[in-house]
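The values are calculated or read from the model by the stated rules, or taken from the named source; none is laboratory data. Just so it is clear, the model here is predicted, and its values are computed rather than measured. Glycine gets a Cβ as well: all are built from the backbone with ideal geometry, and neighbour counts include every protein chain shown. Protein only, heavy atoms only, side chains kept; ligands, DNA and RNA dropped before computing areas. Shrake-Rupley method; radii C 1.70, N 1.55, O 1.52, S 1.80 Å.
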Amino acid sequence: MLAMNYRGPLRVRASQKPMPQIEHPQDAIVRVTRSCICGSDLHLYNGSVPDTRVGMTFGHEFTGIVEEVGSEVTKIKVGDHVLVPFNIACGECVFCKQEMYGNCHESNPQATAVGGIFGYSHTAGGYNGGQAEYARVPYANVGPTVIPEGMDPDDAVLLTDVVPTGYQAAEMGGIQKGDTVVVFGAGPVGIMAAKCSWLFGAGRVIIIDQVDYRLEFARNYAQCEAYNFNEIGDPVVFMKKTTDWMGADVCIDAVGAEAAGNAMQTITGRKLLLQAGSATALHWAINSVKKGGIVSIVGVYGPTDNLVPIGNVLNKGITIRANQASVKRLLPRLIEHVQNGVLNPKALITHRIPLEEVSDAYRIFSAKLDNCIKPVLISPSAGM
């Protein structure tokens with residue numbers, strides 16, 4: 001089958017790989033109909049995540065048609081068109097029972113923190129992902145969800161990560177009616193977090209980035225204020241000024257390990273890899289939020305350590321909430337929002353690119369060329 005093949009930092013290609021096989025009675029094999037490149041895939045692409053091995057296939061956002069199921073699979077059947085949450089979760093451990101599907105204790109023997117994630121290095125279990133013609137889906141009674149009749153596959157594929165992660169970013173912020181919410185990062189997740197902040201009652205939503213076309217897209221899609229941090233001086237001082245020197249009620253870090261804006265963080269976190277990525281956006285969030293405010297983190301940071309102003313967290317009485325999105329928990333509500341027109345995920349998609357051109361797709365998305373917001377890969381076997 002054709003699949004994305006990681007060959008080292010900044011080097012990916014489409015190549016032939018063996019077809020996935022049923023390895024456990026609860027496995028399923030799906031023929032991929034849509035797969036996305038996520039902003040967090042760029043951390044892998046750029047070499048920022050430890051133990052990203054040559055030969056791996058990325059892709060934790062995908063939909064597919066079930067081609068084969070293991071002997072213990074009862075929740076889906078051959079022919080079903082399913083969306084596959086990026087979390088790989090057993091459904092039975094103590095954390096899955098609490099609906100913390102991103103923290104499954106069984107799906108990732110490589111770590112004690114994160115659960116298994118499709119196509120996200122051996123630190124997340126070493127599972128191949130969905131940027132391929134076919135993919136193996138473990139615990140098929142738990143994650144895969146049949147796409148409702150009439151739902152556009154472009155909407156469905158964004159329900160595997162972008163929409164739940166953006167929604168949970170706002171949810172973790174504990175937004176109260178009238179709150180000022182600041183989102184750092186105008187990628188797809190940041191834009192969705194800004195959009196979903198209104199659903200929780202925000203009175204003002206601001207998004208901060210440095211790429212003008214992304215900021216313009218955010219203004220139009222999320223109906224929020226949007227500012228280029230290169231044009232406002234110190235973002236923390238700017239946020240203080242615009243909130244009567246109080247600070248925002250809620251700050252969301254939707255950037256993670258490759259944030260720009262601070263030379264020291266960039267050098268130590270992105271160039272020398274002395275820390276687990278550049279924590280610039282997290283610094284801004286901690287220093288911009290009000291005393292007693294909430295910082296919500298969904299931007300991805302790799303293991304192990306980051307330079308973070310923890311003293312300010314203590315002295316300001318800040319609450320920090322962070323996690324991988326619990327997709328399965330959120331899906332019923334988010335499917336309803338899409339069906340009712342409250343959310344329009346597919347409007348984020350700007351590029352549909354054949355899987356055969358995956359190398360160009362990564363280059364376009366990584367370099368922010370051609371006004372790219374969200375690229376979707378279409379495999380030659382997609383059939384739709």
Checklist entry - Non-local amide H neighbours of G115 (under 5 Å, H modeled in plane, Pro and chain starts lacking H): which ones? => result N103, C104
Checklist entry - Does a label point 7 Å from the Cα of Q339, set along Cα-to-beta-carbon, have any residues of region 146-167 with amide nitrogen under 14 Å, and which are they? => result 146-152, 156
Next on the checklist: Running a GNM on the chain with Cα contacts under 10 Å, which residue among G143, G247, G47 ends up with the highest mean-square fluctuation?
Outcome noted: G47
Item to check | Under DSSP loop assignment and at most 15 Cβ neighbours within 10 Å, longest trypsin sites (Lys or Arg not before Pro)-free interval of the chain | outcome: 178-367
Next on the checklist: Give me the one-decimal nm value for the distance between modelled label points at I22 and E231, 7 Å along each residue's Cα-to-Cβ direction.
Outcome noted: 5.7
Checklist entry - Which ³J(HN,Hα) values in Hz, rounded to whole numbers, follow from the phi angles of region 62-70 under the Karplus curve 6.51 cos²θ - 1.76 cosθ + 1.60, where θ = phi - 60° and Gly and Pro get x? => result 7, 10, x, 9, 5, 9, 7, 10, x
Item to check | Long-range HN-HN contacts of I353 with modeled amide H, under 5 Å | outcome: V376, L377, I378
Item to check | Cβ-derived FRET efficiency at R0 45 Å, L369 paired with D305, nearest 0.05 | outcome: 0.85
Checklist entry - Rounded, prolate or oblate: which one fits region 162-322, using the alpha carbon gyration tensor with axes a ≥ b ≥ c (rounded when a/c is under 1.5, else prolate when a/b beats b/c, else oblate)? => result rounded
Item to check | Per residue accessible area in Å² of region 151-202, where ligands, DNA and RNA are left out and the probe is 1.4 Å | outcome: 20
Checklist entry - Within the set K75/K346; K17/K75; K75/K328; K75/K374; K97/K328; K177/K316, which residue pairs have Cα atoms separated by over 19 Å? => result K75/K346; K17/K75; K75/K374; K177/K316
Next on the checklist: Explain nothing, just the number: relative contact order of region 234-371, from Cα pairs under 8 Å at least 6 residues apart, as a whole percent.
Outcome noted: 20
Checklist entry - Each residue of region 106-123 in turn: what ³J(HN,Hα) in whole Hz from Karplus with 6.51, -1.76, 1.60 and θ = phi - 60°, glycine and Pro shown as x? => result 10, 7, 9, x, 8, 8, 9, 9, 6, x, x, 9, 4, x, 10, 6, 6, 5
Checklist entry - Karplus couplings for region 307-313 from phi (6.51 cos²θ - 1.76 cosθ + 1.60, θ = phi - 60°), rounded to Hz, Gly and Pro as x? => result 7, 10, x, 5, x, 5, 4
Checklist entry - Around I207, which amide H atoms from residues at least 5 apart in sequence, or from another chain, sit under 5 Å from its own amide H, with H modelled in the peptide plane? => result V183, E225, A226, Y227
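Please compute the contact order of region 162-322 in relative form: average sequence separation of alpha-carbon pairs under 8 Å and at least six residues apart, divided by the residue count, as a percent.
On the way: 373 pairs, mean separation 34.2, N = 161.
Relative CO of region 162-322 lands at 21 percent.
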Item to check | Percent carbon-and-sulfur accessible area, the chain, ignoring ligands, DNA and RNA, probe 1.4 Å | outcome: 50
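Using a probe radius of 1.4 Å on heavy atoms only, what accessible surface per residue do you get for region 82-138? Whole Å² is fine. Provide the component values of the computation, followed by the final result.
On the way: 1970 Å² over 57 residues.
I get 35 Å² per residue for this part.
Please give the peptides 63-70, 250-257 ranked by average Cβ packing (other Cβ atoms within 10 Å per residue), highest first, as a rough proxy for protection.
In descending order of packing, they fall as 250-257, 63-70.
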Item to check | Å² per residue, accessible surface of region 308-374 at 1.4 Å | outcome: 51
Checklist outcome for this item: With a ≥ b ≥ c from the Cα gyration tensor eigenvalues, square-rooted, and the rule rounded for a/c under 1.5, otherwise prolate when a/b > b/c and oblate otherwise, region 1-130 is oblate
Item to check | Global form of the chain, assessed from the alpha-carbon gyration tensor, a/c cut-off 1.5 | outcome: prolate
